[in-house]
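The values are calculated or read from the model by the stated rules, or taken from the named source; none is laboratory data. Computed from a predicted model, the values in this text were never measured in an experiment. Positions of Cβ are backbone-derived with ideal geometry, glycine not excepted, and every protein chain shown enters the neighbour counts. For the accessible areas, the whole protein counts, side chains as well, though only heavy atoms, and no ligand, DNA or RNA atoms are used. Shrake-Rupley method; radii C 1.70, N 1.55, O 1.52, S 1.80 Å.
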Amino acid sequence: MPEVLTQSIQDYLKQIYQLSADGQAASTNDLAARMNVTPASATGMVQRLAAAKPPLIVYRKHQGARLTAAGERAALEVIRHHRLLETYLVKSLGYSWDEVHTEADKLEHVISEDFEARIAAALGDPDRDPHGDPIPSAELELPDDDTRPLSALRPPQKAVIVRVVGENPAFLRHLQELGLVPGAQVRVRDYSPLDENLTTKVGQRTSVLGLNITSKIFVTQD
């Protein structure tokens, strides 16, 4: 029989998807850190997912875990729920972008497919959430990503912010204060090769940004 996709399993699949987004397998140590469990517990779960019918991941000891096609579809379904819920909370209920992650985490596992479809229709089938992350389509497909990190730009280049990677509310509020939000145009005024800081301008505001910020902001160039 197919593996029952409990909340815990869905969370593991989502984290494996995110950890392996760069093409590398997800290590059990990284997975344990993301799930706030011991490495032994993470190893036990990935072994269970690999033995599921059908298998949800491919796991090799010391080489990490990768999603199978079935596992990827299950992960994308949860991600679609999460990002639609974040968008709904911001656009319809007045939440700010730094408040929605925890709420969506709680709700993503319990909404029905009909409720998901109704949210999507009410929002006009959005393709990105409030942080700019792409929302999988109803067919669980993601668009091609042509963004690049802000850290790759050099003066006098300019670009439009598309996506911000980060869930920490304080980090998101800080970016909001600087105007570094999806849709904003940013111009690079200066670059420091010693510390890789960028001096940027958004509107009338000039900021000096370290790599910890510029590596988490993704842009498309004009």
Next item on the list: Return yes when residue 154 is charged (D, E, K, R), open to solvent by 70 Å² or more (accessible area, probe 1.4 Å) and touching a strand residue (DSSP E or B) at 6+ places or on another chain (Cβ under 8 Å) and no when it is not.
Entry: yes
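The rows are residues; the columns are (1) part of a helix (DSSP H, G or I); (2) closer than 30 Å to residue 144 by Cβ.
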{"site": "11", "(1), (2)": "yes, yes"}
{"site": "24", "(1), (2)": "no, yes"}
{"site": "31", "(1), (2)": "yes, yes"}
{"site": "37", "(1), (2)": "no, no"}
{"site": "40", "(1), (2)": "yes, no"}
{"site": "45", "(1), (2)": "yes, no"}
{"site": "49", "(1), (2)": "yes, yes"}
{"site": "54", "(1), (2)": "no, yes"}
{"site": "70", "(1), (2)": "yes, yes"}
Restricting segment 60-81 to residues that are under 14 Å from residue 19 (Cβ atoms) and of a type outside the set (S, T, N, Q), the one surrounded by the fewest Cβ atoms within 10 Å (Cβ to Cβ) turns out to be 72
Of the residues in segment 1-48, those that are under 25 Å from residue 110 (Cα atoms), surrounded by 14 or more Cβ atoms within 10 Å (Cβ to Cβ), touching a residue at least 12 places away in the same chain (Cβ under 8 Å) and in contact with a Pro (Cβ under 9 Å, 6 or more places away or on another chain) number 2
Residue count, segment 82-117, condition open to solvent by 40 Å² or more (accessible area, probe 1.4 Å) and among the charged types (D, E, K, R), comes to 7
Only one of (1) in a strand (DSSP E or B); (2) surrounded by fewer than 17 Cβ atoms within 10 Å (Cβ to Cβ); (3) in contact with a Leu (Cβ under 8 Å, 6 or more places away or on another chain) does not apply to residue 142, and that is (1)
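So which residues in segment 186-217 are open to solvent by less than 20 Å² (accessible area, probe 1.4 Å) and in contact (Cβ under 8 Å) with a residue 40 or more places away in the chain, if there are any at all?
Result: 198, 200, 209, 214, 217.
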Restricting segment 105-123 to residues that are closer than 24 Å to residue 172 by Cβ, in a loop (DSSP other than H, G, I, E, B) and not aliphatic (A, V, I, L, M), the one nearest to the chain's Cα centre (by Cα) turns out to be 108
Considering every residue within segment 49-59, establish whether at least one is closer than 11 Å to residue 13 by Cα, of a type in the set (D, E, K, R), open to solvent by 40 Å² or more (accessible area, probe 1.4 Å) and free of Cβ contacts under 8 Å to residues at least 60 places away in the same chain. no
Contact list, first residue from segment 138-153 and more than 14 Å from residue 72 (Cα to Cα) and in contact (Cβ under 8 Å) with a residue 24 or more places away in the chain, second anywhere and of a type in the set (Gly, Ala, Ser) and in a loop (DSSP other than H, G, I, E, B), beta-carbon distance below 7 Å, six or more apart or interchain, is 149/215; 151/215
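So if I check each of 165, 186, 160, which one is of a type outside the set (Lys, Arg), within 13 Å of residue 221 (Cβ to Cβ) and touching an Asp or Glu at 6+ places or on another chain (Cβ under 9 Å)? Spell out how you get there, then give the answer.
Working: 165 fails: within 13 Å of residue 221 (Cβ to Cβ); 186 fails: touching an Asp or Glu at 6+ places or on another chain (Cβ under 9 Å).
From the options 165, 186, 160, the qualifying one is 160.
Can you say whether residue 177 is open to solvent by 80 Å² or more (accessible area, probe 1.4 Å), assigned to a loop (DSSP other than H, G, I, E, B) and farther than 18 Å from residue 91 by Cβ, as far as the supplied structure shows? Break it down into steps so the answer makes sense when it comes.
Details: open to solvent by 80 Å² or more (accessible area, probe 1.4 Å): yes; assigned to a loop (DSSP other than H, G, I, E, B): no; farther than 18 Å from residue 91 by Cβ: yes.
No: the conditions fail for residue 177.
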Residue pairs within 6 Å by beta carbon, gap of at least six or interchain, first lying in segment 65-78 and in contact (Cβ under 8 Å) with a residue 60 or more places away in the chain, second open to solvent by less than 10 Å² (accessible area, probe 1.4 Å) and not in a strand (DSSP E or B), listed first then second, are 74/13; 75/13; 76/136; 78/108
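Given the structure, is residue 80 assigned to a helix (DSSP H, G or I) and among the basic types (Lys, Arg)? Before the answer, list the steps.
Working: assigned to a helix (DSSP H, G or I): yes; among the basic types (Lys, Arg): yes.
In short, yes.
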